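Following: one structure in structure tokens, then a few remarks.
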């Protein structure tokens, strides 16, 4: 089970590899939010999302013989690129299983990072069976996207950095809003803050209609989403919180926040205009909550993660259309 | 005259105020350029451009009594916001003289940073006379945009950071491409590199039709542009290199590079897609040269500044239209 010792060890393994992202701010965002707003821009991380941290943490934690046989992941998104880059850096094989209808650019990007992309037909083939067969044959290690202790530890390094920077800024109490899918980033940050910044509280943020974590935290049991697709915030859509991540979030996190897709797009437009950052819709939900849900937030300041920036041009242009 | 001692002193005054921007990279950009590409993202600087460094350097270098009477600048762009924020931080008056047809958003942003914006009619009023009258009346100190030793020293801090990060990355020889208007940033970086990184060479980059610095470096005398407006790259358009900046550039810089507006827009699209950064057209010319003018560049790696990100949504959408 992930703990602060594992997170610190992951930070040591990521040193010199993951980018140390800063906390950014703008007086214009402070004015909208009615309090000081700080943004943790993980869109600037390698591969354009925080997922590289978890991927590198997990791959670097394997014993050398196991690692040399290679790794495998199921993902058409940010996790695929994070694991692929980590495997490439260790010069070990990497197989990524993706649906054959995944966006061409994502397939090309993952291949360009040296991964072997295996496509399957969502309607007629069993993803898990394909993965199990390949793993058995080649001795590949599965890197899960969030319910994996070393992945949570890697994402937790974001929390260590937030704690350090908040201390330097003199921030004593703040909600730390985290874009939340399966809860790897949220639970990792929550563990880091528990150890390093008692006055900071992690809170998951999700898009409307896909608020499984907020409902799970409210009920105390793991709740599922009714729909599993059809959100602009596709990067952070999962069926339910993880079996490992949920107990951590239930113990440490404040209530979940829920924003609309339009609020996420408006937050993207503000990140463009005021921070010069590119956020993807799912990566902008925490900033949307910071800007537009101030009455649900506590503390002198608010810290919002931007979890990723892998957005297509058409969606970004739609977001910019909301300015003025 | 600006020298390395002044740049180091400026760095000390900027410490804890200017953002320490990193060098960013992407394997996808390396592939386009045919060599390693590193980007210095000054679009992430306060006010969205490197101009805050020069503004803060100049305002902080004034003796306290002079500073208390206030400062004045002529600018409708990034220099205005840089000086305004610096003055606001010292809690001293700031007057910015802008043409009455400046974009509403730029006027609003400058006022929001606490400056008094004085508008003049470009056709019928004399900007310099208005400025001189106000300065005389109130004892304001003029902060020039580039031909001012403490401004050059402030911009030179970008060069100190590039030298430090290049050393850590093991880069021994590289062209450092700099978006160039009046030459404040280019000459400041050139002075810093002369002292701190002998194998790195600063080179100005300008948009086609406004290549006064490239032509001046080629002829050895200050040359003027024929046109003074009408470029998408408005942030870096000046009539000619400065009287202080040109001799520094002539002594230290490699030949100037010239890119088309379309290349600048395409570089903006790549910065969006691969670095998750928002660049303005003038701020993207150096990256455009790195990506599309490789045959004119020397060295194992190339370092390109992104000088600013203050671009309107419509122009940015045009740039994104060039992807795929």
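The values are calculated or read from the model by the stated rules, or taken from the named source; none is laboratory data. Small disclaimer: the values here were computed from a predicted structure and weren't measured. All Cβ positions, glycine included, derive from the backbone under ideal geometry; neighbour counts span all protein chains shown.
Some points to look at:
- Among the candidates B:80, B:58, B:84, B:10, residue that is in a helix (DSSP H, G or I), in contact with a helix residue (DSSP H, G or I) (Cβ under 7 Å, 6 or more places away or on another chain), closer than 29 Å to residue A:277 by Cβ and within 12 Å of chain A (Cβ to nearest Cβ): B:84
- Check on residue A:194, modelled with pLDDT of 95 or more and closer than 26 Å to residue A:164 by Cβ: yes
- From the options A:217, A:232, A:191, residue that is touching a residue at least 60 places away in the same chain (Cβ under 8 Å) and part of a helix (DSSP H, G or I): A:191
- Residues that are over 19 Å from residue A:288 (Cα atoms) and in contact with a helix residue (DSSP H, G or I) (Cβ under 7 Å, 6 or more places away or on another chain) within region A:221-237 comprise A:222, A:223, A:224, A:225, listed in sequence order.
- Residue under evaluation residue B:268, criteria (1) within 14 Å of another protein chain (Cβ to nearest Cβ); (2) out of contact with any strand residue (DSSP E or B) (no Cβ under 7 Å at 6 or more places or on another chain); (3) not in a helix (DSSP H, G or I), criterion not met: (3)
- Residue in region B:252-273 that is farther than 26 Å from residue B:31 by Cα, touching a residue at least 12 places away in the same chain (Cβ under 8 Å) and surrounded by fewer than 19 Cβ atoms within 10 Å (Cβ to Cβ) present: yes
- Matching residues, region A:30-49, being in contact with a strand residue (DSSP E or B) (Cβ under 9 Å, 6 or more places away or on another chain), within 12 Å of chain B (Cβ to nearest Cβ) and on the phi < 0 side of the Ramachandran plot: A:30, A:39, A:41, A:42, A:43, A:44, A:45, A:49
- Scan of region A:197-212 for residues that are closer than 27 Å to residue A:165 by Cα and in contact with a strand residue (DSSP E or B) (Cβ under 8 Å, 6 or more places away or on another chain), ordered by number: A:199, A:200, A:201, A:202, A:203, A:204, A:205, A:206
- Considering A:171, A:162, the condition of being within 20 Å of residue A:45 (Cα to Cα), modelled with pLDDT of 95 or more and buried (at least 19 other Cβ atoms within 10 Å of the Cβ) is satisfied by A:162 alone.
- Candidate set: region A:271-324, residues that are part of a helix (DSSP H, G or I) and out of contact with any helix residue (DSSP H, G or I) (no Cβ under 7 Å at 6 or more places or on another chain); chosen: the one farthest from the other protein chains (Cβ to nearest Cβ): A:296
- Residue B:16 being over 26 Å from residue B:298 (Cβ atoms), within 19 Å of the chain's Cα centre (by Cα) and either within 12 Å of another protein chain (Cβ to nearest Cβ) or buried (at least 22 other Cβ atoms within 10 Å of the Cβ) (or both): no
- Hits in region B:19-37 (condition: within 20 Å of the chain's Cα centre (by Cα), surrounded by fewer than 23 Cβ atoms within 10 Å (Cβ to Cβ) and not in a loop (DSSP other than H, G, I, E, B)): B:24
- Restricted to region B:108-137, and to residues there that are in a helix (DSSP H, G or I) and within 14 Å of chain A (Cβ to nearest Cβ), the residue that is surrounded by the most Cβ atoms within 10 Å (Cβ to Cβ) is B:110.
- Selection from region A:202-214 of residues that are out of contact with any helix residue (DSSP H, G or I) (no Cβ under 9 Å at 6 or more places or on another chain) and in a loop (DSSP other than H, G, I, E, B): A:211
- Condition check for residue A:226: assigned to a loop (DSSP other than H, G, I, E, B), more than 14 Å from chain B (Cβ to nearest Cβ) and within 16 Å of the chain's Cα centre (by Cα): no
- Among residues that are touching a helix residue (DSSP H, G or I) at 6+ places or on another chain (Cβ under 6 Å) and away from chain B (no Cβ under 14 Å), residue A:245 is included.
For (1) more than 17 Å from residue B:173 (Cα to Cα); (2) assigned by TED's automatic domain parsing to the domain that holds residue B:172; (3) at pLDDT below 95; (4) surrounded by fewer than 18 Cβ atoms within 10 Å (Cβ to Cβ), each residue gets a yes or a no:
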| residue | (1), (2), (3), (4) |
| --- | --- |
| B:278 | yes, yes, no, no |
| B:284 | yes, yes, no, no |
| B:295 | no, yes, no, yes |
| B:301 | no, yes, no, no |
| B:307 | yes, yes, no, no |
